[in-house]
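K.L.:
Could you have a look at this structure, given as structure tokens, before my questions?
The values are calculated or read from the model by the stated rules, or taken from the named source; none is laboratory data. Because the structure is a prediction, the values reported are computed rather than measured. No Cβ is skipped: glycine too gets one built from the backbone with ideal geometry, and neighbour counts run over all protein chains shown. Just the protein is used for accessible areas: all its heavy atoms, side chains included, with ligands, DNA and RNA removed. Shrake-Rupley method; radii C 1.70, N 1.55, O 1.52, S 1.80 Å.
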Amino acid sequence: MPRMTSTTVTHTAAASSASWAGLVAAALLGTDRRTPPVTPRPGQDVAGALLDAAAVRTVRRRAGLLPVAARTVPGPAPEDVRPPLPEAARRRLEQLLAGRAAPGGRRGSTPDLTELLPQWLAAANRHGYRAPADLLPALLEAARARSDLRQEALALAGPRALWLARLNPQWKYALREGAGVGVADPRQAQRVWREGLFAERAAALAALRRTDAAAARELLASTWAEERAEDRTMFLDALGEGLSLADEPFLEQALGDRARNVRATAAALLSALPGSALSARMAERARACLAPGRAGDGTVARILVEAPHECDAGMERDGVEPTPPPGRGERSWWLGRLVEAAPLSLWPARLGVAGAEEAVALPVADGWRADLHAAWAGAAVRQHDAAWARALLGPADEPPLPEGAPGLDPARLLAVLPPGERAEWVAEFVAAHGLSQAFRLLGVCAVPWAEPLGRAVVDALDSARDAGGYPWSFSGVMGLAERCLDPDAAGRLEVLTTLPAGPDETEVTAGAAGYWAEAFGRLVGTLRLRATMRTELQPAAQQPAARQPAAGPAGPLGAATPPRAGGCSP
Amino acid sequence: MNAQGERLTVEQVLALAPDAASRAAGTRLALPGPWSGTGACSTGTGGRVLWGECKGSGGRPYRTVVALAHADGPAYQCSCPSRKFPCKHALGLLLLLWAEGGDAVPEGAGPPEWAASWLDRRRQRADEAASGRAVDATGGPADPAAARRRAERRAARMTSGATELEQRLTDLMRGGLAGVRDAGYGQWDETAARMVDAQAPGLAARVRDVASVAGAGGGDWAARLLEECALLHALNQGFLRVGELPEPLAATVRSRVGLTSDAAAVLAAGPLVRDHWLVLAQRDSDDGRLTTRRIWLYGRGTGRMALLLSYGAAGRAPELCLPVGMSVDADLAFPPAARPLRAVLGTRHAAPVACPEPPPGGDTAAALRAYGEAVRDDPWLEAWPVVLAEVTPVPGEGELGWQLADASGGSALPVDPRGSGDSLGLWRLASLSGGAPLRVFGECGHAGFTPLAAWAPAQLPTLVQTPLPTPVPL
């Protein structure tokens, strides 16, 4: 044990041998009540002697500390062979992750970093980079708080993040959502399926389904009878990915399940399979509900509707919920369920018309038009039928239905169309109706927005400014535009950021014009930042100018770089 | 002197920011968008000046100037109303040098009039200050007798403060610690305030530490409280008999009580230790009134550890900023102490250069031995900076805290639960390790180890598993 120099702390031989527990007990109760095991020096009171002795013991203990026994060290993290992020991109990720915590308030003219993180992650993943190890905890925290980030964040974070998540209960979500990251090895999946927690099993099933749909279904069938009802529903949902007629026997069997949710899920999946027996049964039922109404000359003039009068046991087994939600009539509800689940290919022949467009154009008898079109729209979305979606959407410049109108949801129908057509349709819509109802439609367009959509949105914002509105009335669309406009559009937008020239340019510009200039300034700033981020993600060799040494400590170190002409700036 | 004429690295610029919000705001302005009229040029004295106008929310753009020639770091001027210093515009302008391959700040013939006038005023002030210092140096203190009287008055006050504190401690021992446990912070606050009145800030700070131990609770609170009281008692006793102590220990006692000498005096007194100082870590702490920046250095020639302290008033970043991971050829002066660690930065002889290798380290037993030996010289030491050569982090589980386990031998150091930085710091360490041993720098103390930086294990298997030379701050 190290010896103290005698001058450091005054002490006596008696004090140094006193037991620490005895000193603590005396100090706790007070020397008035308990005499400590110390001998005071002449002229010293017992409290002072206690402190002397305690000081010696303290320093002696601290000077003689020994290591403790190590607990079991975590096993090695799996290797990640993807290339590391370029240095500038690494720094950008750090900044985007830190920006999450930045205080809110009025946004002014600077870009909103938190909104750019999702697309940055997606772009980094397209390049196939791995996230730097020291940023994994921040990445896991960000994705814990925002589920919209999870898929891309966990893909970038890779196997080491899952290794970390097993050590920290706070990151359990990652095991559920990220287990599919990397290769789905069937043997590995079987082991997890037998031994794993629910979340890990669900992830393993989903991962296997993506690579080998039949193996995943067989894995599920192998333990189907032992699973709990709520687990059966969740697992069944995983079959939605890669659904094919090969799944039909299994799903048909699930239609007879004890649990209603399992039956409903199975029915929904089968109705999305136009060749399935269920969709044939639904077609039979739906066919009986609609008939062509012919004019005197024999041409089809309208659609006659005979909605079902009851929901029989067969319909119920095929997933029709017998009780409608509040406010809906029973017959209209049942009609909707049948038509929605019937293959759309049925109708041209049944109604005696050439195709979707003609069918949609036909008048419908007795006020059933809205119900019928809503059901067709549901079927078009479920069956990903672009022709029917196009027909039901109609021309973009027609007056739009009031938002929240029952049935037809143009955003969902749009999502069925190919991206280019989607952008064109929304561009026309914006040109005809402005931005006030365009938010959800813009949300389903592919990013970055293809022309002519970008131009249409910018023109509409420009007109809104000219009309005397305030930019915050359009903050939703503005935010979307910041994230979705093509970064190359920034130059074209620059002119919008300038204030209208006043008599005196130093005069503080009050009112809307100033706010618009600021809002456009932020838009341009964000687009430029996105362009910069895109460049930063290019592999080092492709960057236009090497801004920093590729290796070397902690980033762009000016001192380590040979100074360029002019030193401070080139 | 320092990296004059060079761009500051992004790290260096970000380290100038007073807080995280400014850092984020500054980086958002590091794009050409809001800037106009930017430029840079060299000054006659070899420094660099940057200027630019930044569009804000108002009609008139803010005018920002940064002078990089300053020996203690850059100087800033901005017409914005922000009380942060440097403001986001100054940070943005410095970072702008890195944007667009450097084209965003073109080389100019000279600063515009508004920038030049501020630079002139600044130069004038600097000249006046320099001539003022010259007078001081030749003439010495204006009135040596008055200065001595002031020092004697302060010593008397501190002595009576230490005596009073001793009285309170012995009263506490008589009455028992059990009584103070529920008494709250009130009486400690009052005692701390008395020590501030007695011009003994070191004693005041220790009293507040004792109060936090008393308030923290935990199973062994009484033992920990007794330890803190006993060490405070030893400090009082040391100060009351400082004349009887050998000189290095007397210096330690004086500085721990709060009698410190200013940086210029320390540098003037010498001796200067010139070395290639590797910047190991930098950490800021903020107690609401004051931001304290600690920078740990390792002398590659001497093998010495050093700690630089720099302070900033609330909302201002401390001025001193050294690039972590780089090596600086510089003079340090260590004020006299029984166990010298704190140092003052003197002349920097060259710009910082990349350091080819991390510092050498030892195992966990060696780390505790280093702390133990340091405590033998300075019993009030809480911790001592050490490098652990090869340790694997073991995450905490429930009641069990984190550990750093030796790569071989089955020994481990507990991680000090108080000092792990933000909660993610330890997880960053675990993530860097990936279950493999890595080199860690930190402070080893009686309450455990506080990791401050780590070197990631080499990614690709090589013949010799050499750590990468860049430390990652934790």
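K.L.:
Ordered by residue, what ³J(HN,Hα) values in Hz, to whole numbers, does the range B:144-157 give under the Karplus form 6.51 cos²θ - 1.76 cosθ + 1.60, where θ = phi - 60° and Gly and Pro are x?
P.N.:
Per residue, the Karplus-derived 3J(HN,Hα) values read x, 5, 5, 4, 5, 4, 4, 5, 5, 4, 5, 4, 5, 4 Hz.
K.L.:
Report the FRET efficiency, 1/(1 + (r/R0)^6), for residue A:190 and residue A:366, where r is their Cβ-Cβ distance and R0 is 51 Å, rounded to 0.05.
P.N.:
Rounded to the nearest 0.05, the efficiency is 0.35.
K.L.:
Can you compute 3J(HN,Hα) from phi for each residue in the range A:411-417, using the Karplus curve 6.51 cos²θ - 1.76 cosθ + 1.60 with θ = phi - 60°, rounded to whole Hz and x for Gly and Pro?
P.N.:
4, 5, 5, 4, 4, 7, 6
K.L.:
Let me know the mean shielding of B:373-385 by other chains, meaning the per-residue number of their Cβ atoms within 10 Å of its Cβ.
P.N.:
On the way: counts 2, 2, 11, 9, 4, 2, 11, 2, 3, 1, 0, 0, 0.
Mean partner-chain Cβ count within 10 Å for B:373-385: 4.
K.L.:
Among the lysines, which fall within straight-line cross-link reach of residue B:55, defined as a Cα-Cα distance under 24 Å, with same-chain neighbours fewer than 8 residues apart omitted?
P.N.:
In chain and number order, the partners are B:84, B:88.
K.L.:
In deg cm²/dmol, rounded to 500, what helix-only [θ] at 222 nm does chain B give when every DSSP H run of at least 4 residues adds -39500 (n - 2.57) and the total is split over its residues?
P.N.:
When only DSSP H runs of four or more count, the value is -12000 deg cm²/dmol.
K.L.:
Now, a different point. Name the residues whose placed amide hydrogens come within less than 5 Å of the amide hydrogen of residue B:59, ignoring near sequence neighbours (fewer than 5 apart) on the same chain.
P.N.:
Placed amide hydrogens put A:509 under 5 Å from residue B:59.
K.L.:
At 1.4 Å probe size, with no ligands or nucleic acids counted, give the accessible surface of residue A:243 in Å², nearest ten.
P.N.:
40 Å²
K.L.:
Residues with beta-carbon under 13 Å from that of residue A:253, excluding residue A:253: net charge, scoring Lys, Arg +1 and Asp, Glu -1?
P.N.:
+1
K.L.:
Got a sec to turn the phi values of the range B:361-368 into Karplus ³J(HN,Hα) couplings, 6.51 cos²θ - 1.76 cosθ + 1.60 with θ = phi - 60°, whole Hz, x for Gly and Pro?
P.N.:
After applying 6.51 cos²θ - 1.76 cosθ + 1.60, I find x, x, 8, 5, 5, 5, 5, 5 Hz.
K.L.:
Calculate the spin-label point distance for residue A:316 paired with residue A:437, positioning each point 7 Å from the Cα along the beta-carbon direction, and give it in nanometres.
P.N.:
Going from the residue A:437 label point to the residue A:316 one covers 4.0 nm.
K.L.:
Which sequence of B:120, A:32, B:331 reflects their accessible areas, 1.4 Å probe, from the largest down?
P.N.:
Final ranking, largest accessible area leading: A:32, B:120, B:331.
K.L.:
Between residue A:462 and residue B:36, what's the calculated FRET efficiency when r is the beta-carbon distance and R0 is 25 Å? Round to 0.05.
P.N.:
Working: r = 23 Å, r/R0 = 0.91.
Once rounded, the FRET efficiency stands at 0.65.
K.L.:
Quick check: residue separation of residue A:357 and residue A:211 times 0.36 nm, minus the Cα distance between them. What number comes out in nm? Can you show the working numbers first?
P.N.:
On the way: separation 146, 0.36 × 146 = 52.56 nm, distance 3.74 nm.
In short, 48.8 nm is gained.
K.L.:
When the Kirkwood radius is taken over all Cα pairs of chain B, what Stokes-Einstein diffusion coefficient follows at 4 °C and 1.567 mPa s, in µm²/s?
P.N.:
The calculation lands on 52 µm²/s.
K.L.:
Additional query: Sort out for me the Cα centre separation of the range A:268-282 from the range B:373-409, rounded to whole Å.
P.N.:
65 Å
K.L.:
For the range A:418-540, what does the alpha-carbon gyration tensor say about shape, rounded, prolate or oblate, given a ≥ b ≥ c as the root eigenvalues, a/c under 1.5 as rounded, and a/b over b/c as prolate?
P.N.:
oblate
K.L.:
Enter the buried accessible area of the A/B pair, total of both sides, probe 1.4 Å, in Å² rounded to the nearest 100.
P.N.:
Accessible area lost upon association: around 7700 Å².
K.L.:
How do B:298-306, A:291-299, A:64-72 rank on mean C-beta neighbours within 10 Å, highest first?
P.N.:
For the peptides B:298-306, A:291-299, A:64-72, the packing ranking is B:298-306, A:64-72, A:291-299.
K.L.:
Express in whole angstrom the spacing between the alpha-carbon centres of the range A:63-97 and the range B:197-249.
P.N.:
First find each Cα centre; the distance between them is then 38 Å.
K.L.:
Find, among the trypsin sites (Lys or Arg not before Pro) in the range A:241-273, those assigned to loop by DSSP (not H, G, I, E, B) with at most 15 other beta-carbon atoms within 10 angstrom. Walk me through the numbers on the way to the answer.
P.N.:
Details: sites: A:258, A:260, A:263; in loops: A:258.
Passing sites in the range A:241-273 are A:258.
K.L.:
Still on this structure, please answer the following. Two decimals is fine: what's Rg over Rh for the range B:262-354, C-alpha atoms, Kirkwood radius as Rh?
P.N.:
Working: Rg = 13.1 Å, Rh = 13.6 Å.
Rg divided by Rh gives 0.97.
K.L.:
Still on this structure: If B:79, A:332, A:436 are ordered by their accessible area, calculated over protein heavy atoms with a 1.4 Å probe, which sequence runs from highest to lowest?
P.N.:
Heavy-atom accessible area, descending, gives A:436, B:79, A:332.
K.L.:
On to the next question. Shielding of B:321-328 by partners, i.e. mean partner chain Cβ atoms within 10 Å per residue?
P.N.:
Neighbouring Cβ atoms belonging to other protein chains average 3 per residue here.
K.L.:
Could you work out how much longer the chain between residue B:167 and residue B:307 gets when fully extended? Use 0.36 nm per residue separation minus the Cα distance between them, nm to one decimal.
P.N.:
On the way: separation 140, 0.36 × 140 = 50.40 nm, distance 3.42 nm.
Extra length available between residue B:167 and residue B:307 comes to 47.0 nm.
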